[in-house]
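The values are calculated or read from the model by the stated rules, or taken from the named source; none is laboratory data. Here the structure is a predicted model, which is why all the values come from computation and not from measurement. All Cβ positions, even for glycine, are placed from backbone atoms using ideal geometry, and neighbour counts span all protein chains on display. Heavy atoms of the whole protein, side chains included, go into the accessibility calculation; ligands, DNA and RNA do not. Shrake-Rupley method; radii C 1.70, N 1.55, O 1.52, S 1.80 Å.
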Amino acid sequence: MWIVAKYKPKELKTLQNSFFKTLGEMPIFYSPKIQYQKNINNKLKVYEKNILDNYVICKHNKFSDNNVINSLKNSKGLIYFLNGCQFNQNELEKFIGFCKSNEDKKGFLTQNFFKIIEKTKAKFISGPFTQMVFDIIEKEGSKLKILINNINITIPKNSSKFLYSFI
């Protein structure tokens, strides 16, 4: 069974060890991440970010037992478990499957994860245009025509070099 846990910042390893000690074996932990670049002092630095912030999705057969969940509530590094996970197993499986199907070889989410909706403004979160806001002019096949500072540019929709999020 899958559960969703909120953990204290920078204490994921502590939480994993605590779960291991209580359960006797390591549960499966999943937290989808993106890799992005930021221009600092004219140098591109690469960063990783968990898109769920301080939440992690965990799977273990013993999670279906409420006594086990109650014994884990005082685990080091844990803030709390989200309620209702037992009723949302299909949605959790679908979300994890969707994330995994949109990961690159290194395990980071690609632009396909951030589906293009009918929004027209977005902001780059990686690449040479990091932090720049742009307007989507036209969607054609696998490319986007965008407008940045009154300059028309065509970029690939599904490139890992140009990650963007809608605003």
Inset, instruction - Just grab the label-to-label distance for Lys100 and Glu140, each label 7 Å out from Cα along the Cβ direction, in nm (one decimal). - result: 3.8
Inset, instruction - Might you tell me the accessible area per residue for the range 1-98, computed with a 1.4 Å probe and given in Å²? - result: 65
Legend entry - Protein accessible area in the chain, 1.4 Å probe - carbon and sulfur %: 49
Legend entry - the chain, relative contact order [Cα under 8 Å, separation at least 6], %: 23
Inset, instruction - Place +1 on the Cβ of every Lys and Arg and -1 on the Cβ of every Asp and Glu in the range 73-167, take the dipole about the Cα centre, and give the residue among Met132, Gly107, Gln89 whose Cα lies farthest towards its positive end. - result: Gly107
Inset, instruction - State, to one decimal in nm², a quarter of the convex hull surface area for the C-alpha atoms of the range 1-83, i.e. the direction-averaged projected area. - result: 5.9
Legend entry - In degrees, nearest ten, helix 89-101 long axis to first principal axis of the chain (Cα): 40
Inset, instruction - Specify which labelled value, from [x] 60, 37, 26; [y] 37, 35, 32; [z] 116, 43, 27, agrees with Cα extents along the principal axes in Å derived from the coordinates of the model shown. - result: [x]
Legend entry - Considering only the chain, percent of DSSP beta bridges that pair antiparallel, nearest 5: 95
Inset, instruction - In a Gaussian network model over the chain where Cα atoms closer than 10 Å are linked, find which of Ser142, Ser101, Ser31 has the largest mean-square fluctuation. - result: Ser142
